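Here the structure comes first, spelled out in structure tokens, and everything after it is commentary.
Just so it is clear, none of the values below were taken in a lab; they were calculated from the coordinates. In this text the structure is predicted, and so the values were computed from the model without any measurement. Every residue, glycine among them, receives a Cβ derived from its backbone with ideal geometry; neighbour counts consider all protein chains shown.
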Amino acid sequence: MIASVLPLFLAFAASLSAQEASTEAFRSPMERVRGALSVSSAIAKVPWFPESLEFDIKWGIMAVGAADMKMGELLDYDGGPAYRIVSTARSNGFCDTFYKVRDVNESWVAADDLRSLGYSKKLREGGFFRDEWVAFDYARKMFFSRRFDKDGRAAESSGPIPGPVQDMLSSIYYLRPRALKVGDEIVLDVNTKSNWPLVVKVLRREKVRVPAGTFETLVVEPGVRQEGIFVQKGKRLQVWLTDDERHTPVQMKVEVFFGHVSAYLRKLGG
């Protein structure tokens with residue numbers, strides 16, 4: 001009797017173990033956060049933390065909405081210190097009548113080397129819908145993702161990562177501490193459920209005037225292949241970073257099917 005039951009028991013135990021391992025792997029970035037950490041000079045190594053950036057969004061010369069990018073929290077993420085970055089974009093009342101936008105992008109980055117630990121997208125742009133998260137498991141060298149449809153049904157996926165990677169939002173913050181000069185080409189390893197190289201070109205210096213003031217900037221162009229930050233589809237993206245140690249993004253411009261959508265810094269806060 002014991003001999004006949006034992007194989008079934010072992011198979012059942014193995015099944016539970018595999019299910020538990022799968023549940024552990026498919027924890028969202030939000031589930032990996034254990035709480036807030038106090039900021040110390042030993043951890044907060046970036047000159048702009050905490051930071052809040054508010055932007056006006058225009059389609060050509062027409063005001064169509066507002067956006068913001070905030071890095072304001074230092075968290076315990078699976079036992080290590082991590083920054084949380086949140087970017088939102090929303091159309092104004094006029095634009096809502098023909099193309100309503102309500103986007104929230106989040107990214108969690110390791111405080112020591114600014115590699116991405118995971119990201120979340122909740123995108124609502126006209127008829128376009130995207131609700132998903134991705135977590136990077138560096139011990140397993142894998143990404144784990146869950147994507148939800150409009151009815152809340154979830155689909156899981158996973159795959160390998162080559163090592164430390166960035167997502168689209170974290171890549172800006174990873175670039176900012178670097179010494180940049182005109183003519184540079186910087187290659188970042190990016191994963192958006194597939195691995196690909198993001199080539200960032202430093203094009204030129206340019207003085208620009210935005211609602212927040214006048215700035216000397218470096219114009220950089222990331223070779224974006226997939227979703228962007230403020231719009232989910234675009235042909236060409238350029239970012240104006242202040243020409244100082246902070247490399248604050250003060251202006252962004254992405255080509256779309258008709259013209260271009262631009263973000264202009266309205267307010268810089270801490």
The stretch 130-220, relative contact order in percent, only Cα pairs under 8 angstrom and at least six apart counted: 18
In order through the stretch 80-88: 3J(HN,Hα) via Karplus (6.51 cos²θ - 1.76 cosθ + 1.60), integer Hz, x for Gly, Pro: x, x, 8, 8, 10, 10, 10, 10, 10
Contour minus Cα-Cα distance for Val208 and Arg130 (0.36 nm per residue): 24.7 nm
Among Thr97, Thr217, Pro50 the positive-end extreme of the charge dipole of the chain (Cβ point charges): Thr97
Length gained when the stretch Ala63-Ser40 is fully extended (0.36 nm per residue, less Cα-Cα span): 4.3 nm
Which of Ser38, Ser145, Ser157 has the fewest Cβ neighbours within 10 Å, and the rest in rising order: Ser38, Ser157, Ser145
Potential extension, Lys100-Asp113 segment - 0.36 nm per residue separation minus Cα distance: 1.0 nm
Magnitude of the charge dipole, the chain, Cβ model with Lys/Arg +1 and Asp/Glu -1, debye to 20: 660
Likely footprinting exposure, Tyr83, Tyr99, fewest C-beta neighbours within 10 Å first: Tyr99, Tyr83
Per-pair calculated FRET efficiency, R0 = 30 Å: Thr23 and Ser52 via Cβ, rounded to 0.05: 0.25
Using alpha-carbon coordinates, inclination of helix 2-25 to the longest axis of the chain, degrees: 10
Fewest-first ranking of Lys201, Lys181, using other Cβ atoms within 10 Å as the exposure measure: Lys181, Lys201
In Hz, Karplus ³J(HN,Hα) per residue of the stretch 177-192 (6.51, -1.76, 1.60; θ = phi - 60°; x = Gly, Pro): x, 6, 6, 10, 9, 4, x, 5, 10, 10, 10, 10, 7, 10, 10, 10
Residues Val182 and Met30, FRET efficiency given R0 of 25 Å [Cβ-Cβ distance, rounded to 0.05]: 0.05
Anisotropy class of the stretch 119-195 from Cα gyration tensor, a/c 1.5 cut: oblate
Residue pairs, from the table Lys122/Lys150; Lys70/Lys150; Lys70/Lys122; Lys150/Lys253; Lys201/Lys253; Lys45/Lys193, whose Cα atoms sit over 20 Å apart: Lys70/Lys150; Lys150/Lys253; Lys45/Lys193
The stretch 15-157 shape via C-alpha gyration tensor axes, a/c threshold 1.5: oblate
Nitroxide proxy distance, nm - points 7 Å out along Cα→Cβ at Tyr138 and Glu156: 2.4
